Each structure stands twice: as C-alpha cells, then as structure tokens.
Amino acid sequence: MENRVLIFGATGRTGLIATAYAIQQGYHVTVLVRNPEKITIQSDKLRIIKGSPANIEEVRMAMKNCRYVINLLSALSQEESFSFKKIDAPHVLEKSIKNAILCMREYGIKRILSLSSIGVGDSYKYAPWFMRLIIKITNFSIVFADHNAQEQLLRESDLDWTIARPVALNNDQASGTLVVNYNKRPRPFKMSRKQLAAFFINNLNTSDYIHKSPVLSESAAGS
C-alpha cells in the first residue's frame with residue numbers, strides 16, 4: 001500500500017499548507033474537494049478528486065488505497081460563523097466524520113487526525129471570555145456544536161484518532177515552538193497555520209497523541 005493520506009478541507013487556509021507539506025515530506029496525497037481549481041499545487045504525488053466529504057460514495061472513492069485520513073474541514077465559512085443572523089445548521093463536520101469512520105472501517109484504515117478548536121468539549125473553560133461570548137451570540141454556536149458532534153463520533157469509534165484543538169490561528173510563518181497542553185489556557189493565545197499543518201503531518205506515524213485531544217498553541221520566537 002502507498003504511503004497515501006486523504007485530506008478533507010484541502011482548499012482551506014490550513015488545508016493548502018498541509019497538502020503541500022505532506023507532499024514535501026514524501027507522502028502521496030488524495031484530496032476530496034468541491035472546487036478542484038482552488039488546488040494550485042502541481043505534483044505527481046497529488047490526486048485530486050471532485051466531491052464532498054458529506055457524500056459517502058465520494059468519500060469511499062477518495063479513500064481507496066489510503067493509509068491515513070486528515071480532516072481539516074470548517075463547519076461554516078468565516079462570514080457565516082461571525083454572523084448574528086441565525087441559519088440552519090448544516091452539520092458538515094458530523095456528516096463528514098460519520099462517512100469517514102464508516103469508510104475507514106470498510107478499508108481497514110485506523111489512523112485519523114481531526115481539526116477541532118479550543119473551547120470544544122472539556123476545553124471550554126480554557127477559552128478566553130471573549131471567545132465564549134462570541135460562541136454564545138453568533139453562529140459560532142453552530143460551529144462548536146458541530147465540533148462537539150464530530151469529537152463524540154471519533155471518541156466512540158475504534159479508530160486511532162487524534163483531535164487537535166488549536167487556539168486563534170494566523171498566517172504568520174511558524175517561528176516559535178509548538179506548545180501542547182491539556183489543562184490550562186495557552187499564552188500567548190495564537191498559533192500559525194503552518195505550525196498547525198506540520199502537527200498533523202508530523203504525527204501521522206506517531207502514537208504520542210492517539211486517543212488524545214491536545215490544545216495547541218505556539219510560543220513566541222526566542223522565548
């Protein structure tokens with residue numbers, strides 16, 4: 001079997017970085033995306049499949065010959081998330097993870113790493129007050145409900161899952177050190193997408209975070 005990873009959410013800001021980094025690290029990569037034209041990476045190690053993780057047949061097709069799965073999907077767009085105008089919850093994460101789990105069982109794949117957020121589940125108390133307020137008064141309530149649902153599905157599965165809960169993300173170059181904790185509020189409350197992408201790819205073949213939900217942040221450079 002090829003050393004191939006399936007990435008959901010590859011056209012997102014973190015997903016594009018993770019896809020490029022995985023190829024750089026020698027992995028073959030399959031991406032399942034609605035808009036293939038958003039993938040500008042050129043590589044013979046990259047397979048692009050048009051489709052949606054919410055469609056189980058398309059997930060089944062994309063997952064063939066893969067050894068790992070990385071989920072970097074967003075529940076809503078940034079504009080929808082920050083909106084005060086209530087919308088019907090699409091349950092993107094819950095549907096996609098449910099499909100991933102079913103197909104992984106069919107193919108005998110065990111390893112999955114999934115993006116969540118600080119503030120989900122038992123990390124809620126470590127989110128700052130302004131983040132808790134945003135969750136309460138905007139559509140971030142839908143986002144976090146979807147994150148909670150996907151986390152629950154993973155925890156109830158028989159897979160070798162890792163759930164990453166990063167703090168506020170930025171587009172800076174990763175210049176600090178990855179900080180991992182489980183029981184306190186990170187300071188500084190920031191992390192580069194480049195650092196987050198590297199966490200996912202670098203831990204595909206480690207057992208350090210299997211069945212764990214680490215809160216991830218990045219120390220200031222030189223600290």
Checklist entry - Taking interchain pairs and intrachain pairs at least six residues apart, which have beta carbon atoms under 9 angstrom, with the first residue in the range 5-18 and free of Cβ contacts under 8 Å to residues at least 24 places away in the same chain and the second of a type in the set (S, T, Y) and surrounded by 24 or more Cβ atoms within 10 Å (Cβ to Cβ)? => result none
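For every residue, the table says whether it meets (1) assigned to a loop (DSSP other than H, G, I, E, B); (2) modelled with pLDDT of 95 or more.
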position	(1), (2)
R132	no, no
W161	no, yes
A197	no, yes
T206	yes, yes
L216	no, yes
Checklist entry - Based on what the data block shows, is K86 within 19 Å of the chain's Cα centre (by Cα) and charged (D, E, K, R)? => result no
Next on the checklist: Given the criterion within 27 Å of K85 (Cβ to Cβ) and of a type in the set (A, V, I, L, M), identify the matching residue among A220, A168.
Outcome noted: A168
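Would you mind listing the strands (runs of 3 or more DSSP E) fully within the range 1-72 where at least 2 residues are modelled with pLDDT of 95 or more and more than 15 Å from A100 (Cα to Cα)?
Result: 28-33, 46-50.
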Checklist outcome for this item: Exactly one of I210, I134 is under 18 Å from S74 (Cα atoms) and in contact (Cβ under 8 Å) with a residue 12 or more places away in the chain, and that one is I134
Next on the checklist: So in the range 21-48, with the set limited to residues that are in contact (Cβ under 8 Å) with a residue 60 or more places away in the chain and within 17 Å of the chain's Cα centre (by Cα), which one is nearest to D172 (Cα to Cα)?
Outcome noted: Y21
Item to check | From A174, A168, A197, residue being under 21 Å from G121 (Cβ atoms) and of a type in the set (G, A, S) | outcome: A168
Checklist entry - Quick check: anything in the range 151-158 at pLDDT 95 or above, under 18 Å from the mean Cα position of the chain (by Cα) and among the basic types (K, R)? => result yes
Next on the checklist: Within the range 149-158, does at least one residue satisfy the condition of being closer than 22 Å to A100 by Cβ, in contact with a strand residue (DSSP E or B) (Cβ under 6 Å, 6 or more places away or on another chain), crowded, with 17+ Cβ neighbours inside 10 Å and of a type outside the set (S, T, Y)?
Outcome noted: yes
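The values are calculated or read from the model by the stated rules, or taken from the named source; none is laboratory data. The structure presented is a predicted model; accordingly, all values stated were derived computationally and were not measured. A quick note on method: Cβ atoms are made from the backbone with ideal geometry, for glycine too, and the neighbour counts reach across all protein chains shown.
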